[in-house]
1. Sort through 37, 49, 83 and tell me the only one that's out of contact with any strand residue (DSSP E or B) (no Cβ under 9 Å at 6 or more places or on another chain) and at pLDDT 90 or above.
2. Would you say residue 20 is assigned to a strand (DSSP E or B) and in contact (Cβ under 8 Å) with a residue 60 or more places away in the chain?
3. Take region 51-78 and flag every residue that is within 18 Å of residue 8 (Cα to Cα), surrounded by 13 or more Cβ atoms within 10 Å (Cβ to Cβ) and free of Cβ contacts under 8 Å to residues at least 40 places away in the same chain.
4. Mind counting the residues in region 23-49 that are more than 17 Å from residue 80 (Cα to Cα), free of Cβ contacts under 8 Å to residues at least 40 places away in the same chain and surrounded by 13 or more Cβ atoms within 10 Å (Cβ to Cβ)?
5. Does residue 3 meet the test of being in a helix (DSSP H, G or I) and in contact (Cβ under 8 Å) with a residue 40 or more places away in the chain?
């Protein structure tokens with residue numbers, strides 16, 4: 001099985017983006033508003049970033065599930081996975 005890895009958390013507390021990769025292919029892992037609220041329990045600002053760092057494993061697992069189910073179709077065209085609250089266990 002190909003494993004998704006998560007790199008740096010970039011952006012700001014309003015639009016944080018994890019850098020991900022699989023088999024050397026870089027892509028963005030974005031979180032929609034519902035995922036942000038679920039993962040950070042409503043924290044904002046720097047507290048949101050800190051909360052996201054503690055939830056890195058859940059983000060990686062959701063990204064892995066999306067990748068395994070074919071949601072990263074055309075990696076040449078703006079490769080990204082967008083995670084919603086429904087994707088997070």
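1. Values: 49 fails: out of contact with any strand residue (DSSP E or B) (no Cβ under 9 Å at 6 or more places or on another chain); 83 fails: out of contact with any strand residue (DSSP E or B) (no Cβ under 9 Å at 6 or more places or on another chain).
Residue meeting the stated conditions: 37.
2. Numbers: assigned to a strand (DSSP E or B): yes; in contact (Cβ under 8 Å) with a residue 60 or more places away in the chain: yes.
When the stated conditions are applied, residue 20 passes them.
3. Those that are within 18 Å of residue 8 (Cα to Cα), surrounded by 13 or more Cβ atoms within 10 Å (Cβ to Cβ) and free of Cβ contacts under 8 Å to residues at least 40 places away in the same chain: 51, 55, 58, 61, 62.
4. Going through region 23-49, the residues more than 17 Å from residue 80 (Cα to Cα) turn out to be 34, 37-49.
Of the ones still in play, those that are also free of Cβ contacts under 8 Å to residues at least 40 places away in the same chain are 40-48.
Retained after the next criterion (residues that are surrounded by 13 or more Cβ atoms within 10 Å (Cβ to Cβ)): 40, 43, 47-48.
Of the residues in region 23-49, 4 are more than 17 Å from residue 80 (Cα to Cα), free of Cβ contacts under 8 Å to residues at least 40 places away in the same chain and surrounded by 13 or more Cβ atoms within 10 Å (Cβ to Cβ).
5. On the way: in a helix (DSSP H, G or I): no; in contact (Cβ under 8 Å) with a residue 40 or more places away in the chain: yes.
In short, no.
The values are calculated or read from the model by the stated rules, or taken from the named source; none is laboratory data. Remember, predicted model here, so these are calculated numbers, not experimental data. Neighbour counts run over all protein chains shown; Cβ positions are idealised from the backbone, glycine included.
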